[in-house]
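These notes are about the structure you will find just below.
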Amino acid sequence: MKGDDMRASDERAADERADETLRLDGNAAAGILSEVFVPDLTTARATCANCGTIRAMGALLVYAHGMGTVIRCPACGAVVLRIARTRTHLWLDPTGASLVVMAGAPASSVT
Amino acid sequence: MSSGTLVTREPRGSSVPSRAPKIAWRLATVVDVVTETPRARTLVLDVPDWPGHRAGQHVDVRLTADDGYQAQRSFSIASAPEDVRIALTVQRLDDGEVSPHLTDVLRAGDRLELRGPIGGYFVWEAALGGPLLLVAGGSGIVPLMAMLRHRATALVAASMQARHGVPARLLYSARRWDDVFYRRELARLAEDDETLEVALTLTHEVPAGWTGFRRLIDRMMLAEVAWPPAERPHVFVCGPTPLVEAVAAALVELGHDPELVKTERFGPTGGSA
């Protein structure tokens, strides 16, 4: 199952890499990420599920298209996060990130 | 305050990590539209309940047409966190969907929908220390100007020793002299502060008597302008994607730590359409 996903991902990668100059940084996805996550995700450290590289989200590569945003690992090119938007929903595919560590959001406490 | 300390006014947005409120869309009011170059304008905005920002952050701007069609683009904040109003410098792309409206149509008193501040990664404040190396291509100068404006305010009452602790250099690439944003302000900042150096490179056309660089930024130019990697400068590179990637790669080749080289790619044209 994972192999199929990665092959499909490679095909999409070929399309997307054709437009290399459209590549942006993690910061470019910060706006849409703020609709999903409360803490600022650009400083969160994400672990690529494909190669294990750990970088701040701001250092990942963003490819933004009309329908959505693809965030890739700068080391191996695999998709780390995929966000797509329809008229009624926001789709988040987080399977490319095996871990995301965010700083400083304290647990709400009840005293 | 002793002569050895930096004066850093804590930006209202504070750098202490906290459970940040979700970034909401707000209606800002245009206070002024300032001409920077023939194709670029700075919009000075009053934003209700603005939480404050950090130098390097951006906002998303949303335009809604009469038929409900919406277009959204990101713009870097040009103003220092210490300023009460926020300023966005926008370069007009002739076939752009959003920029021509901002540069040619908006007037003082008009309203603009925006959300922010956005992006905690590509930010610098004086407390992070230096040396500080800024590399700008075209409109990539905007977020870096916010950093220089913040630095100037933070160091205004600092001792020479404190200033030398946070030295800064800007390498700014533009096509022609006429395309250089903030020309006079950059000259004044550099003149008033011996710990700030500004180097320009013009790639298409130079004015008579030009003594600055006159080519695309390359590895040799970076080696000349940048601090040695052993100094571990904080580096921020911003502009069109091809320039940013070439500069970042060259800096890493020269030995700079990739974790200290932060990039903000503006896309193929280097400006928001």
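The numbers here are math on the coordinates, done by the rules we state, and not lab data. This structure is a prediction, so every number in the text was calculated from the model and none was measured. Don't worry about glycine lacking a Cβ; one is built from the backbone with ideal geometry, like all the others, and counts go over all protein chains shown.
The 3J(HN,Hα) values that the Karplus relation (6.51, -1.76, 1.60; θ = phi - 60°) gives for the stretch B:35-49 are, in residue order, 7, 9, 9, x, 10, 10, 10, 9, 9, 9, 10, 9, 10, x, 6 Hz. Gly and Pro appear as x. When each full DSSP H helix of chain B is screened for a Cα extent of at least 15 Å along its own axis and an average Kyte-Doolittle hydropathy of at least 0.5, the helices passing are B:141-154, B:241-253. Divide the volume of the convex hull around the Cα atoms of the stretch B:126-265 by the residue count and you get 102 Å³ per residue. Mean separation of Cα pairs under 8 Å and 6 or more residues apart, divided by the residue count, gives the stretch B:126-265 a relative contact order of 29 percent.
Counting each pair of different Cα atoms once, what's the Kirkwood radius of the stretch B:101-203 in Å, rounded to one decimal?
For the stretch B:101-203, the Kirkwood estimate is 15.3 Å.
Dividing the mean sequence gap of close Cα pairs (under 8 Å, 6+ apart) by how many residues chain B holds gives a relative contact order of 20 percent. Across peptide A:30-36, the average count of Cβ atoms from other chains found within 10 Å of a residue's Cβ is 6. Against the empirical 2.2 N^0.38 Å (N residues), the stretch B:25-118 has a Cα radius of gyration ratio of 1.00. Residue separation of B:E197 and B:W177 scaled by 0.36 nm, minus their Cα-Cα distance, works out to 5.4 nm of gained length. For the protein assembly as shown, the Cys residues with no second cysteine's beta carbon closer than 4.7 Å are B:C238.
What percent of all Cα-Cα pairs in chain B falls in each 10 Å bin, counting up from 0? Reading the bins upward from 0: 7, 30, 36, 22, 5, 0. Counted over chain B, the DSSP beta bridges are approximately 55% antiparallel.
Counting DSSP beta bridges in the protein assembly as shown, what percent are antiparallel, to the nearest 5? Counting only bridges with both partners in the protein assembly as shown, antiparallel ones make up about 70 percent. Counts of other chain beta carbons within 10 angstrom of each beta carbon in peptide B:45-52 average 0. When a/c is below 1.5 the answer is rounded, else prolate if a/b is larger than b/c, else oblate, so apply that to the stretch B:205-273 with a ≥ b ≥ c taken from the square roots of the Cα gyration tensor eigenvalues. It is oblate, given that a/c is not under 1.5 and a/b is not larger than b/c. The stretch A:28-44 to the stretch B:162-188: how many Å between their Cα centroids? So the two Cα centres are separated by 31 Å.
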